[in-house]
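A.B. asks: Got a structure here, written out as structure tokens. Questions coming.
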Amino acid sequence: MTSVGSAKKLVIIGSGIIGLCSAYHLLGQGWEITVVSSDPADDTTACGSAGAIANAQIFPVSEPGLFLKVPRWLGDPLGPLSIRPGHMPKLMGWLVKFLAAGTQARVEASTQALTSLLAPARDHHFELIKEIKAQDLLRQNGSLMLYHSERSRDKDAYQWAMRRQFGIEFSAVNRQQILEHEPALGPGAHCGYFIPDWCHYIDPQKLLAMLADYLRNAGVTFVGDRVDGFEFADSRPVAALGGQENNYDFHTCLVAAGAYSARLSEQLGDGFPLESERGYNTMLPNTGLDITTYLAFEEHFVLTPMAQGVRIGGAAEFAGLDAPPNYARSKALLKLARRYLPDLNDDGGTQWMGHRPSTPDSLPVISRSTGFSNIYYGFGHGHIGLTLGPTTGRLISQLISGKDPQISLSPFGIDRYT
Ligand SMILES: Cc1cc2nc3c(=O)[nH]c(=O)nc-3n(C[C@H](O)[C@H](O)[C@H](O)COP(=O)(O)OP(=O)(O)OC[C@H]3O[C@@H](n4cnc5c(N)ncnc54)[C@H](O)[C@@H]3O)c2cc1C
């Protein structure tokens, strides 16, 4: 499909937030950029996400003592975690690494590494949306983290203390203060914390569409195709092989295929333990409630006020990449939401499932390949890929351009599990 011989041909596999932000930061550096993607940009994972710039999500998912909670969660139909039994044999290796990442020392190291990425993330979003003229999509209304009781809030005391230590601003709120922010919240919202710097997008799908349009106008080519493998010449990858029998020749290639990335990295000699951690949500067009703040709840789900209504989502399901969605997970989240919003009207709701690309230690892969100097990886952003898109894009562009990355990338190597 593309012509052979250009020394500056860059193929990006994946049109999600990571692929697009990488393309954005590589503009104007002499690259001829082609984004090859099986889904269009406005149908990728961030589009159905909760839309948060989650700068306070500095903790990895695995934590000390988590293995004690897992059996209870798995037994609870409204619990935050489910595993399809048929997927268990495939999941085991990942799960062992995941639990091993939950020691105190490793959690502290991962928190440090995540903080280094998250600290500039908000500013990077501000710069991006200013350039692509998408400021109207962002709300800076803060976030309320809500608990049913002081007892349940105090179980998270360590995490909040760590947040303070890492410079995240927040204040404790009682029932009265919660109502001052959001009068619609019922008595289930007893106490919590308010994070003033938290921002969210009211239409992440439009954000992705606008970014893709911006890139198109700047000369980036978008191709709808699935990459199945690579062509090698002189033992070096030189083209991505498309499912439509097209070859996409490259000088340099970035694999940013979300939860599917490890299927491609394996073929380049870089196996990596990556899992799809499925998340579910429901978009409610007419809740009958006036809510403007991003709400997070102790049961591990969230509510985002968006342009088209209110999106309620979260949960983690391990069922692999190919199994059909189980929308009972979305329904369970609505049931939980009624504990806080008893008058919630869910008529006309639209359900959605997406694949979080999750690594055992919750750290993304932002890395050059171990075997090939012309292959780069940007994947594994788990729960915070939308947040980190512009930051990772910037780091990838620095890597590809041979500049010193602004942030140390040693925790994010593709080889950390080999
Ligand atoms: C329910 C839910 C809520 C979330 N909420 C938030 C949030 O509030 N804030 C936040 O920061 N993050 C959130 N996330 C996480 C975030 O959405 C993801 O981390 C992020 O979107 C991943 O982006 P990506 O570019 O790596 O992958 P994706 O968006 O999945 O994009 C992957 C791209 O690769 C393409 N692709 C895959 N395989 C191939 C192939 N073989 N050939 C060609 N193309 C291929 C796909 O078509 C797609 O274009 C949420 C996720 C879920 C599921």
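A.B. asks: Compute, for the chain, the length of the dipole vector about the Cα centre, with Cβ point charges of +1 (Lys, Arg) and -1 (Asp, Glu) only. Units Debye, rounded to 20.
C.D. replies: Dipole about the Cα centre, nearest 20: 620 debye.
A.B. asks: For region 246-349, restrict the atom set to alpha-carbon positions and state the Rg and Dmax in Å.
C.D. replies: 18.5, 57
A.B. asks: Once R0 is set to 51 Å, what does the formula 1/(1 + (r/R0)^6) return for the Cβ-Cβ distance between Arg151 and Glu266, expressed as a FRET efficiency to the nearest 0.05?
C.D. replies: According to the calculation, E is roughly 0.65.
A.B. asks: Run the dipole for region 1-142 about the Cα centre, Lys and Arg Cβ at +1, Asp and Glu Cβ at -1, nothing else charged, and hand back the magnitude in debye, nearest 20.
C.D. replies: Dipole about the Cα centre, nearest 20: 380 debye.
A.B. asks: A further question on this structure: Once phi is turned into θ = phi - 60°, what whole-Hz ³J(HN,Hα) does the Karplus curve with 6.51, -1.76 and 1.60 give for every residue of region 380-396, x standing for Gly and Pro?
C.D. replies: For region 380-396, the Karplus curve yields x, 7, x, 7, 10, x, 5, 4, 8, x, x, 6, 5, x, 5, 5, 4 Hz.
A.B. asks: Here's another thing I want to ask about it. To the nearest 500 deg cm²/dmol, what mean residue ellipticity at 222 nm is calculated for the chain from DSSP H runs of n ≥ 4 alone, each contributing -39,500 (n - 2.57), summed and divided by the residues?
C.D. replies: Rounded to the nearest 500, the figure is -9000 deg cm²/dmol.
A.B. asks: Expressed as cubic angstrom per residue, what is the convex hull volume of the alpha carbon set of region 335-405?
C.D. replies: Numbers: hull volume 10.8 nm³, N = 71.
Once divided by residue count, the hull of region 335-405 is 152 Å³.
A.B. asks: I've got another one for you. Show the residues, 5+ positions off or on another chain, whose built amide H is closer than 5 Å to the amide H of Ile53.
C.D. replies: Cys199, His200, Tyr201
A.B. asks: Charges on Cβ only, +1 for Lys and Arg, -1 for Asp and Glu, centred on the Cα centroid of region 1-113; of Cys47, Leu10, Trp94, which one is farthest towards the dipole's positive end?
C.D. replies: Highest projection toward the positive end goes to Trp94.
A.B. asks: Another question, if that's okay. With the radius of gyration and the Kirkwood radius both derived from the Cα set of the chain, what is their ratio Rg to Rh? Write out the running numbers ahead of the final one.
C.D. replies: Details: Rg = 21.0 Å, Rh = 21.9 Å.
Rg/Rh for the chain comes to 0.96.
A.B. asks: Could I ask something else about it? Rg/Rh for region 15-80: what does it come to with C-alpha atoms and Rh from Kirkwood? Write out the running numbers ahead of the final one.
C.D. replies: On the way: Rg = 18.5 Å, Rh = 15.7 Å.
Radius of gyration relative to Kirkwood radius: 1.17.
A.B. asks: Next question. Taking amide H positions as placed in the peptide plane 1.01 Å from N, state which residues far from Asp361 in sequence (5 or more) or on other chains have amide H under 5 Å from it.
C.D. replies: Under 5 Å from the amide H of Asp361 lies no amide H from a residue far enough along the sequence or on another chain.
A.B. asks: Once Lys and Arg get +1 and Asp and Glu get -1 on their Cβ, which of Asn217, Phe194, Val227 lies farthest toward the positive end of the dipole of region 181-231?
C.D. replies: Of Asn217, Phe194, Val227, it is Phe194.
A.B. asks: Over the C-alpha atoms of region 96-150, what are the Rg and the largest Cα-to-Cα span, Dmax, in Å?
C.D. replies: 17.0, 44
A.B. asks: Placing unit charges on C-beta atoms (Lys and Arg positive, Asp and Glu negative, everything else neutral), compute the dipole magnitude of region 265-316 about its Cα centre in debye, rounded to 20.
C.D. replies: I would put it at about 280 debye.
A.B. asks: First select every other residue whose beta carbon is under 13 angstrom from the beta carbon of Asp228; then total the charges, Lys and Arg +1, Asp and Glu -1.
C.D. replies: On the way: positive: Arg226, Arg263; negative: Asp225, Glu231, Glu245, Glu266.
Computed value for this residue: -2.
A.B. asks: Which of Trp198, Trp31, Trp73 has the fewest other C-beta atoms within 10 Å, and how do the rest follow up to the most?
C.D. replies: By the 10 Å Cβ count, ascending: Trp73, Trp31, Trp198.
All of the numbers you see were taken from the coordinates with simple rules; none came from a lab. Please read all numbers here as calculations on a predicted model, not as lab measurements. Ideal geometry is used to build each Cβ from the backbone, glycine not excepted, and the neighbour counts take in all protein chains shown.
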